[in-house]
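Trainee: Please read through the structure below; I'll follow up with questions.
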Amino acid sequence: MQRNNKGVIGGVMAHPASFAGAFVLLFTLSFVMLAAADALPEPIPNEISNGSEPEANAIEVSNPETPVRVVASAIGLDAPISNPSSTNVHVLDNALLKGAVRYPTTALAGEEGTMLIFGHSSYLPVIYNQAYKAFNNIQKLEKGDIVSVLSETAEHRYKVTGIRVADATEDVVELRTTGKYLVLVTCDSFTAKTSRFVVTAEFVGTYSLAN
């Protein structure tokens with residue numbers, strides 16, 4: 001005589017409604033017990049898709065602002081920014097003697113487009129004009145580091161996305177017009193063909209200095 005033993009699967013197929021009800025009841029009881037013991041897994045936070053969404057407390061800027069200082073605490077960078085209106089090489093080189101320089105025609109703080117800022121770097125043992133060391137060590141920035149561009153009223157934060165050495169004969173730096181970006185470049189002179197460090201960063205958010 002053949003035994004009629006369908007096992008667990010056979011029992012489920014024979015009484016599907018009863019099995020479903022028992023499963024739901026067991027799951028609910030388990031959930032309640034885990035919750036009471038504070039043993040439920042923590043929810044996974046929504047990740048920022050590209051790292052450029054503003055953080056908490058960010059403000060909206062209705063009008064572009066002139067940058068006056070660039071700061072990157074990760075490397076001890078803190079330099080004033082000049083904003084000459086002329087693209088004349090001599091004017092720009094003279095401005096570099098005072099600190100960093102925003103290249104004319106590039107974006108202002110909070111403005112759509114790319115802000116391009118140049119600065120001297122020098123590792124001579126004796127430097128009388130500290131502006132010659134304005135961009136020392138920008139090559140030591142790492143992806144994810146924050147670079148802040150300050151205006152008179154706000155801090156505009158950018159997150160580093162890339163660091164590279166520009167070829168000695170390379171003159172072109174990509175200036176994207178869609179989105180908000182920052183590019184830092186070291187230079188000996190606006191006419192020099194020496195190799196330069198180029199740091200690219202994308203906009204994170206704007207924060208009021210009043211806070």
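Every number in this text was worked out from the coordinates using simple rules, so none of it is lab data. Predicted model, so just to flag it, every value in this text is computed and none were measured. Cβ: placed from backbone, ideal geometry, glycine included. Neighbour counts: every protein chain shown.
Trainee: Would you calculate the separation in nanometres between label points at S85 and V172, each defined as 7 Å from the Cα along the Cα-to-beta-carbon direction?
Mentor: Rounded to a tenth, the inter-label distance reads 3.1 nm.
Trainee: Full-extension gain between A74 and Q139, please, as 0.36 nm times their residue separation minus the C-alpha to C-alpha distance.
Mentor: 22.3 nm
Trainee: For the pair E112 and S195, what calculated FRET efficiency results from E = 1/(1 + (r/R0)^6), where r is the Cβ-Cβ distance and R0 = 45 Å, to the nearest 0.05?
Mentor: 0.90
Trainee: Hey, fewest Cβ within 10 Å first, where do Y181, Y103 land in order?
Mentor: Y103, Y181
Trainee: What spacing in nm lies between the two simple spin-label points modelled at A210 and I127, each 7 Å away from Cα in the Cβ direction?
Mentor: Taking the simple label geometry, A210 and I127 are separated by 3.7 nm.
Trainee: Turning to a different aspect of this structure: Kindly identify the range 95-211 as rounded, prolate or oblate by the Cα gyration tensor criterion: order the square roots of the eigenvalues as a ≥ b ≥ c, call it rounded if a/c is under 1.5, otherwise compare a/b with b/c, prolate if a/b is larger, else oblate. Can you show the working numbers first?
Mentor: Numbers: a/c = 1.72, a/b = 1.36, b/c = 1.26.
Because a/c hits 1.5 or more and a/b exceeds b/c, the range 95-211 counts as prolate.
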